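Trainee: Sharing a structure, written as structure tokens. Questions coming.
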Amino acid sequence: MIENMELEKFNKLYEGKAKELWETSELNYLISYYKDDITAGNGEKKDTMLRKGILNQNICTIIYEYLHEHKVPTHFIKSIGPREQVVKKLKIIPVEVIIRNYAAGSICRRYNLPKGHKFKTPLLELFYKDDSLNDPLVVKDLVLEMEWATAYELQEITRQAHIINQRMVEFWKQYGITLVDQKFEFGLDNDLNIMLGDEITPDTQRLWNKDGESLDKDVFREGDDLDEVHSVYQYIYDLISKETEMTDGC
Ligand code: 5GP
């Protein structure tokens, strides 16, 4: 069982804005390493926030373990250190799924919507995953035409995204936090099972407290105080960790 195996980093497969993916001795498993880099606007705004990788790795582990308890298939296997997780190797579908419970961010700018408008049902949008194009909004027909995903894959990622969104709304509600929106990436494992990949953290979700204050990467997108960003990520970790002990390497 991979859960009981000690895996070591082998070759770096990919380096993204917030994480690195490393091959391991096990072909179908990777190590995901969380960096301290924080970016916004497709990397236009960039900084380094000490311990950000540790906080996000720990937050993501708690969320993935919660999703597993609710039988949601994800690439997550286990956390193996302050910044590292063992994950299944996926062939990522190049279509990002954004699901919105309230209007904020790009949808407000695109359609001049009032921030905070509550959608009657969660609103799902597809974006073509291509940094050189700034991940543009894409319609289903083009996804099918260009074979970025099959009809079955689209149907499945849409179905899973709505279920995960519902679970995550319930998760945050118990802490008095409103889940505004979130981004998902899905992929296929070696047996062609479709499942959630990447991360779920305050980098990929918008979270508001009861006063409508941001507890996520918007604090960085809209401000310059890295200490404030850090205290927000730390606050989120403290809130959800309860008796879980943080892996911080100390
Ligand atoms: P928006 O479309 O308003 O910029 O983003 C909607 C939601 O998806 C937000 O929670 C935002 O954090 C997340 N999101 C959208 N695109 C990306 C991306 O490229 N990287 C990350 N980390 N999150 C994204």
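The values are calculated or read from the model by the stated rules, or taken from the named source; none is laboratory data. Only a predicted model underlies this, so the values are computations on that prediction, with no experimental measurement involved. A quick note on method: Cβ atoms are made from the backbone with ideal geometry, for glycine too, and the neighbour counts reach across all protein chains shown.
Trainee: Run down GLU185, GLU213, GLU222 and say which single residue is under 23 Å from ILE98 (Cα atoms) and in contact (Cβ under 8 Å) with a residue 24 or more places away in the chain.
Mentor: None of the others qualify; the one that does is GLU185.
Trainee: Can you confirm whether GLU147 is among the acidic types (Asp, Glu), surrounded by fewer than 20 Cβ atoms within 10 Å (Cβ to Cβ) and away from the ligand (no atom under 16 Å from the Cβ)?
Mentor: When the stated conditions are applied, GLU147 passes them.
Trainee: Give the stretch 75-113 a look and list any residue that's of a type outside the set (Gly, Ala, Ser) and closer than 17 Å to LEU207 by Cα, or say none.
Mentor: Result: ILE98, ILE99, ARG100, ASN101, TYR102, ILE107, CYS108.
Trainee: Ok, one more. Is it the case that LYS71 is without any contact (Cβ under 8 Å) to a residue 24 or more places away in the chain and away from the ligand (no atom under 14 Å from the Cβ)?
Mentor: Taking the combined requirement at face value, the residue satisfies it.
Trainee: May I ask you to verify whether VAL86 is within 13 Å of the ligand (Cβ to nearest atom), in contact with a helix residue (DSSP H, G or I) (Cβ under 9 Å, 6 or more places away or on another chain) and of a type in the set (A, V, I, L, M)?
Mentor: no
Trainee: Somewhere in the stretch 86-102, is a residue free of Cβ contacts under 8 Å to residues at least 40 places away in the same chain and over 22 Å from VAL229 (Cβ atoms)? Give the derivation first.
Mentor: From the stretch 86-102, those free of Cβ contacts under 8 Å to residues at least 40 places away in the same chain are none; that's our starting set.
No, every residue in the stretch 86-102 fails to be free of Cβ contacts under 8 Å to residues at least 40 places away in the same chain and over 22 Å from VAL229 (Cβ atoms).
Trainee: Return the only residue of GLY43, GLY53 being modelled with pLDDT under 95 and either crowded, with 18+ Cβ neighbours inside 10 Å or over 19 Å from ILE164 (Cα atoms) (or both).
Mentor: It is GLY43.
Trainee: Which of the strands (runs of 3 or more DSSP E) found entirely inside the stretch 136-234 contain at least 2 residues meeting this: of a type outside the set (Phe, Trp, Tyr) and under 18 Å from LEU123 (Cα atoms)?
Mentor: Of the strands (runs of 3 or more DSSP E) lying wholly inside the stretch 136-234, those with at least 2 residues that are of a type outside the set (Phe, Trp, Tyr) and under 18 Å from LEU123 (Cα atoms) span 178-184, 205-208.
Trainee: When you go through (1) in a loop (DSSP other than H, G, I, E, B); (2) loosely packed, with under 13 Cβ neighbours inside 10 Å; (3) out of contact with any Leu (no Cβ under 8 Å at 6 or more places or on another chain) one by one for LYS9, which number turns out not to apply?
Mentor: Result: LYS9 fails condition (2) only.
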